[in-house]
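Asker: Mind having a look at this structure? Questions to follow.
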Amino acid sequence: MNNIMALADKLHESYPDLPKAQLKDIVSDVFMTTRKMAKEQPNGVRINGFGTFRFKTTKARMGRNPKTGESIPVPEMTKMVFKEPRFLARESE
């Protein structure tokens, strides 16, 4: 599963009374709200039993164009990261 509609389809199996479009909107709203809250909180957003979403700033660095081998500057970036809880990490091993 790699997109919102796939999640909505999976949820539709458990909640067949709800239209897929409404489930898609719910999934999208949950992720967008979580993203907004994580950006506002310095330690991110922790959802018990699911994981933690937070923003991480990467330093500027020199990268390499893999096609030409040329060095190129990579600017500082802010990325959203997810960390699963320990018990889920152990289950996936």
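Asker: In debye to the nearest 20, how big a dipole does the chain give about its Cα centre with +1 on each Lys and Arg Cβ and -1 on each Asp and Glu Cβ? Kindly include the intermediate steps, with their values, before the conclusion.
Answerer: Numbers: 17 positive and 11 negative charges, 120 e Å.
Here the chain has a charge dipole of around 580 debye.
Asker: Further question on the same structure: Return the carbon/sulfur percentage of the accessible area of the chain, one whole number, probe 1.4 Å, all protein chains in place.
Answerer: Numbers: 4160 of 7870 Å².
The computed percentage sits at 53.
Asker: Taking Cα atoms, how many degrees apart are the long axis of helix 4-14 and the longest axis of the chain, rounded to 10 and kept between 0 and 90?
Answerer: Between helix and principal axis, roughly 30 degrees.
Asker: Let me check something: with ligands and nucleic acids excluded, how do 20, 36 order by accessible area (1.4 Å probe), largest to smallest?
Answerer: Working: 20 90, 36 130 Å².
Output order, biggest surface exposure first: 36, 20.
Asker: Another question, then. Ignoring everything except DSSP H segments at least 4 long, calculate the 222 nm mean residue ellipticity for the chain; use -39,500 (n - 2.57) per segment, divide by total residues, nearest 500. Please list the in-between numbers first.
Answerer: On the way: 3 runs with 38 residues, N = 93.
Taken over the chain, the calculation gives -13000 deg cm²/dmol.
Asker: Among the listed pairs 20/79; 24/56; 20/83; 10/79; 56/83; 10/36, give every one whose C-alpha distance is greater than 21 Å. Show your work: numbers first, answer last.
Answerer: On the way: 20/79 30 Å; 24/56 27 Å; 20/83 28 Å; 10/79 27 Å; 56/83 12 Å; 10/36 25 Å.
Those over the limit are 20/79; 24/56; 20/83; 10/79; 10/36.
Asker: Right, another one. Among 52, 12, 68, pick out the residue whose Cα is farthest towards the positive end of the charge dipole of the chain, where Lys and Arg carry +1 and Asp and Glu carry -1 on C-beta, about the Cα centre.
Answerer: Going by the charge dipole, the pick is 68.
Asker: Once you've got the GNM for the chain with C-alpha springs shorter than 10 Å, pick whichever of 80, 37, 62 has the biggest mean-square fluctuation.
Answerer: 62
Asker: Shifting gears a bit: Given a 1.4 Å probe and the protein chains all in place, what does the accessible area of residue 30 round to, in Å² to the nearest 10?
Answerer: That residue has around 80 Å² of solvent-accessible surface.
Asker: Of the candidates 54, 64, 35, which one comes out as most mobile in a Gaussian network treatment of the chain with C-alpha springs shorter than 10 Å?
Answerer: 64
Asker: Is there a quick way to get the dipole size of region 1-45? I mean about its Cα centre, with the Cβ of Lys and Arg at +1 and of Asp and Glu at -1; what is the value in debye to the nearest 20?
Answerer: 200
Asker: Next question, about the same structure. Specify the angular offset, from 0 to 90 degrees and rounded to the nearest 10, of the alpha carbon long axis of helix 20-40 from the longest principal axis of the alpha carbons in the chain.
Answerer: 40
The values are calculated or read from the model by the stated rules, or taken from the named source; none is laboratory data. If you're wondering where the values come from, they're calculated on a predicted model, not measured in any experiment. Backbone-built Cβ (ideal geometry, glycine too); neighbour counts: all protein chains shown. Surface accessibility is based on the protein's heavy atoms, side chains included, excluding ligands, DNA and RNA. Shrake-Rupley method; radii C 1.70, N 1.55, O 1.52, S 1.80 Å.
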